[in-house]
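The values are calculated or read from the model by the stated rules, or taken from the named source; none is laboratory data. What you see is a predicted model; the values in this text were computed from it and never measured. When we count neighbours, we look across all protein chains shown, and the Cβ atoms used for this are built from the backbone with ideal geometry, even at glycine. Remember, those area values only see protein heavy atoms, side chains included, never the ligands or the DNA or RNA. Shrake-Rupley method; radii C 1.70, N 1.55, O 1.52, S 1.80 Å.
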Amino acid sequence: MQGLETRKMTRTEAESIVNWAYDEPYSLYDLNGSSEALEELLNQDYSTVYATDEGLVGFYCTGPAAQVPAGWDEGAYGGSDDGRPFLDFGIGMRPGLTGQGLGTFFLGHVLKDLTAEENSLRLRLTVATFNRRAIRLYEKFGFQYVMDFSVNGTCFQTMIR
């Protein structure tokens, strides 16, 4: 994967992404062609990432779109101890590219985008605890566990950097 570029998400890209299907146990991330998911991809803060040799590689989102709503009730999305606000973000990689060691390159690009204007941003993400591959990747980039919470039998954790 080379030559990554970020773009604002288009309807064509969103229509493709809502139909991505991940292998178990990652099917939790499937959007199943949902019209609600399509509208969220188009009306929230979502960007796509392209590679010159792979086409559409993945996407990322920021703000409320990156949060699990039930986490608010559990206190997962409060402010920071030092008063600086958090920027919540989430990523999604095309299913055929996951598990191949490309996450470092992809996440590095996303973090560069997110911190381009302000390097001192406090970043926060939420990840399903069964997703050990993603958690190892986030830890590699300096993210640390904060707390976990459950939603309909699935456990999530927040991590900050």
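Under the condition of being surrounded by 16 or more Cβ atoms within 10 Å (Cβ to Cβ) and either of a type in the set (Lys, Arg) or without any contact (Cβ under 8 Å) to a residue 12 or more places away in the chain (or both), the residues counted in segment 11-42 number 0.
When the residues of segment 2-40 are filtered to those that are over 23 Å from Thr104 (Cα atoms) and of a type in the set (Val, Ile, Thr), which remaining residue is nearest to the chain's Cα centre (by Cα)?
Here the residue is Val18.
Is it the case, given these coordinates, that Phe149 is in contact (Cβ under 8 Å) with a residue 24 or more places away in the chain, open to solvent by less than 40 Å² (accessible area, probe 1.4 Å) and more than 20 Å from Gly92 (Cβ to Cβ)? It would help to see each step written out before you state the result.
Values: in contact (Cβ under 8 Å) with a residue 24 or more places away in the chain: yes; open to solvent by less than 40 Å² (accessible area, probe 1.4 Å): yes; more than 20 Å from Gly92 (Cβ to Cβ): yes.
So Phe149 passes the test.
Restricting to segment 63-89, name every residue that is assigned to a strand (DSSP E or B), free of Cβ contacts under 8 Å to residues at least 60 places away in the same chain and open to solvent by 20 Å² or more (accessible area, probe 1.4 Å). Across segment 63-89, the qualifying residue is only Leu87. When restricted to residues that are part of a helix (DSSP H, G or I), open to solvent by 50 Å² or more (accessible area, probe 1.4 Å), touching a residue at least 24 places away in the same chain (Cβ under 8 Å) and closer than 22 Å to Ser80 by Cα, segment 114-146 contains 1.
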